[in-house]
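For reference, the structure is listed below as structure tokens.
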Amino acid sequence: MRTKIVAGNWKMNMTFSDAEDLLVEIAENLEDLNLDGKEVIVCPPTCFLELATDLADESRITVGAQNVSEHEKGAYTGEVAAMMLESMGVDFCILGHSERRAYYHENNKALATKVDKCLEHSITPIYCCGEVLEERENGKLYNVVKSQLEEALFHLSGDEVKNVVIAYEPVWAIGTGKTATPDQAQEMHAFIRKTLAEKYGEETANTISLLYGGSCNAKNAKELFGQKDVDGGLIGGASLKAEDFITIVKSL
Ligand code: PGA
């Protein structure tokens with residue numbers, strides 16, 4: 001059975017006290033839920049990670065970072081290393097989000113190194129892939145996603161890739177209110193699983209959790225998560241309100 005996952009990507013939002021309030025509210029609301037086989041991850045900005053890991057010790061919250069350096073340590077001002085995240089009790093890290101690809105020029109090659117750094121430090125990468133609107137309209141969506149997988153993940157062994165979570169996030173759906181239809185999400189998730197199966201075999205492909213991201217919210221989560229190959233969601237805007245986030249968790 002694949003782990004069902006809801007991960008909240010807070011992006012660059014919240015003050016310290018907002019973050020504290022939101023974390024506490026999420027933790028309280030998770031107390032009475034049956035989370036067998038499910039994982040609830042919050043990915044706050046780096047400066048609030050410790051707030052989250054402190055709370056994670058006494059709650060059902062698991063903590064993820066939003067980015068990591070491709071270097072082990074040293075003179076890289078402003079960067080955060082995987083060993084630092086590991087030493088704080090961070091278990092996941094979003095990698096290759098389309099905002100980082102677009103604004104910080106992250107490419108698949110650099111992401112392959114970041115994936116390795118995370119795995120070396122027992123952090124599960126949540127590796128994001130997805131096409132822009134033009135690529136969908138030109139019918140290039142499958143090639144784009146396949147390259148994103150091949151170039152950043154396919155150097156891993158079968159045992160290593162089992163420790164990766166993949167998030168399909170069509171760029172045209174992120175923060176736009178234009179969610180992929182459940183059929184569109186399922187089609188791409190099935191393609192991703194098939195691509196993984198061709199490289200690693202079906203057994204391995206079937207253990208990897210595939211999340212959908214892009215305007216997933218309290219209203220549409222249940223239908224999206226009901227698709228055969230959709231194992232949960234990576235949630236941006238709707239993860240900033242405890243009530244919405246919890247409704248999404250309950251949709252798993
Ligand atoms: P959104 O963002 O839910 O606000 O569309 C998703 C993401 O960027 O991970």
In Å, what Rg and Dmax follow from the Cα atoms of region 116-217?
13.5, 39
For the chain, diffusion coefficient by Stokes-Einstein and Kirkwood Rh (Cα), 10 °C, 1.306 mPa s, µm²/s:
88 µm²/s
Between Glu150 and Met12, take the C-beta separation as r, use R0 = 30 Å, and let me know the FRET efficiency to the nearest 0.05.
0.50
Around His155 (Cβ within 12 Å, Cβ-to-Cβ, excluding His155; K/R +1, D/E -1) the net charge comes to -2
Using the Cα centre as the reference, give the magnitude of the dipole from point charges on the C-beta atoms of region 31-97 (Lys, Arg: +1; Asp, Glu: -1; all else neutral), rounded to the nearest 20 debye.
240 debye
So for region 1-76, using the alpha carbon gyration tensor with a ≥ b ≥ c as root eigenvalues (a/c under 1.5 gives rounded; past that, a/b versus b/c decides prolate or oblate), I'd call it oblate
Over region 112-164, one equal point on each Cα, no solvent: what is log10 I(q)/I(0) by the Debye formula at q = 0.21, 0.22, 0.28, 0.32 Å⁻¹?
-0.74, -0.78, -1.03, -1.23
With a bin width of 5 angstrom, please list the P(r) values of region 1-147 as percents of all Cα-Cα pairs, from the 0 bin to the one holding the largest distance.
2, 9, 17, 20, 19, 15, 10, 6, 2, 0
Could you work out the helix-only [θ] at 222 nm for the chain, with each DSSP H run of four or more residues adding -39,500 (n - 2.57) and the total divided by the number of residues, to the nearest 500 deg cm²/dmol?
-12000 deg cm²/dmol
Are there DSSP H segments in the chain that both extend 15 Å or more along their axis (alpha-carbon positions) and score a mean Kyte-Doolittle hydropathy of at least -1.0? List them, or say none.
16-30, 108-120, 141-153, 182-200
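Read the figures in this text as sums done on the coordinates, not as results from a lab. Model, not experiment: these values are computed from the prediction. Note that each Cβ is placed from the backbone with ideal geometry, even for glycine, and that neighbours are counted across all protein chains shown.
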